[in-house]
Amino acid sequence: MRSLLLLLILTTPAFAEKKATTFADVADVIATFEPARAKPGDTVIFKLTVAPKPNCYTYPSGEKNKFKLPTTGDVVFQKAFRDPPGAETVFGSEGAEEHYTTPATWQFTGTVAATATAGKKKVALAGTRLQACDPQGCFYLTDADVLSAELEILPGAGPPPMPAPPSVPEVAPPRSVPPQPDATAAHKGVIKKDALATAQYKLSLDAVAANIEKDAGIGLLPTTNLFGFLVTAAVWGWISLVTPC
């Protein structure tokens, strides 16, 4: 009789194992900042720990655990992060998967914004979705209140602004100067003769005049024939050679 009574007690719903109905039934979530107090411009780390309960598990980042990090607000986060170590590979109906059956802590690096005001602020990973499962099913967590941590922002000026690059004076481009004509090229092919002194020039003219008068007196070279014309041309040509340009 006692055995039957004990069997009835253990098999009643009140004493049977409770079936999971929410994410909190299969995993705990802890979110903290390190350090918990910081000034504008300081680097902080948002630590998010997912601790599966016995016989439960969670996943690395990807399709099932999606993390969204704020890029505006009191803390600006870097996009890059790594999954924590400790994942186990298991084989199921969907093939090989990686599971965390022990607490897994993700670390997200951020910088306190220069515009952040002093005081205690709650920073949430809004848009993040976590998944944890037990043998009967899986559950999601998207509550921003749970996926948040408190950070105390201390008074203080932000980091000094980056110095402006040194100003470089504007330099006018060099003016193009047209090439100057070559003086030697302009007189190429012309032979320039040195000018004679006045006395030498007068003596040369006197000698030429005497020769012309002599030839005219002899009358041997009439200018009407071709030979006389050539001689006359030669005489004037010699005069042009001794005459300065």
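The values are calculated or read from the model by the stated rules, or taken from the named source; none is laboratory data. Please read these numbers as outputs of a predicted model, since none were measured by experiment. FYI the Cβ positions are ideal-geometry reconstructions off the backbone, even for glycines, and counts take in every protein chain you see. Heavy atoms of the whole protein, side chains included, go into the accessibility calculation; ligands, DNA and RNA do not. Shrake-Rupley method; radii C 1.70, N 1.55, O 1.52, S 1.80 Å.
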Subject >> Residue match in the stretch 79-90 (condition: open to solvent by 50 Å² or more (accessible area, probe 1.4 Å), acidic (Asp, Glu) and either within 15 Å of Ala132 (Cβ to Cβ) or within 32 Å of the chain's Cα centre (by Cα) (or both)) >> reply: yes
**OP:** Quick one: in the stretch 52-63, of everything that is open to solvent by 60 Å² or more (accessible area, probe 1.4 Å) and either touching a strand residue (DSSP E or B) at 6+ places or on another chain (Cβ under 8 Å) or of a type in the set (A, V, I, L, M) (or both), which residue is nearest to Thr32 (Cα to Cα)?
**Re:** Lys53
Original post:
Do the conditions hold for Thr49, that is, is it open to solvent by 70 Å² or more (accessible area, probe 1.4 Å), under 30 Å from Leu154 (Cβ atoms) and of a type in the set (S, T, N, Q)?
Top reply: no
Subject >> strands (runs of 3 or more DSSP E) wholly inside the stretch 47-116 that include at least 2 residues being hydrophobic (A, V, I, L, M, F, W, C) >> reply: 75-77, 88-92, 104-112
Original post:
Of the residues in the stretch 91-120, how many are more than 36 Å from the chain's Cα centre (by Cα) and either β-branched (Val, Ile, Thr) or modelled with pLDDT under 95 (or both)?
Top reply: 9
**OP:** Please enumerate the residues belonging to the stretch 19-55 that are farther than 22 Å from Tyr100 by Cα and in contact (Cβ under 8 Å) with a residue 40 or more places away in the chain.
**Re:** Phe33, Ala36, Arg37, Ala38, Lys39, Pro40, Gly41, Asp42, Thr43, Val44
**OP:** Being open to solvent by less than 70 Å² (accessible area, probe 1.4 Å), under 24 Å from Pro40 (Cβ atoms) and in contact with a Pro (Cβ under 6 Å, 6 or more places away or on another chain) is the filter here, so list the residues in the stretch 91-135 that pass it.
**Re:** Val112, Ala116, Ala118
Subject >> Single residue of the stretch 64-75 satisfying the filter (within 30 Å of Ile153 (Cβ to Cβ) and buried (at least 16 other Cβ atoms within 10 Å of the Cβ)) that is farthest from the chain's Cα centre (by Cα) >> reply: Asn65
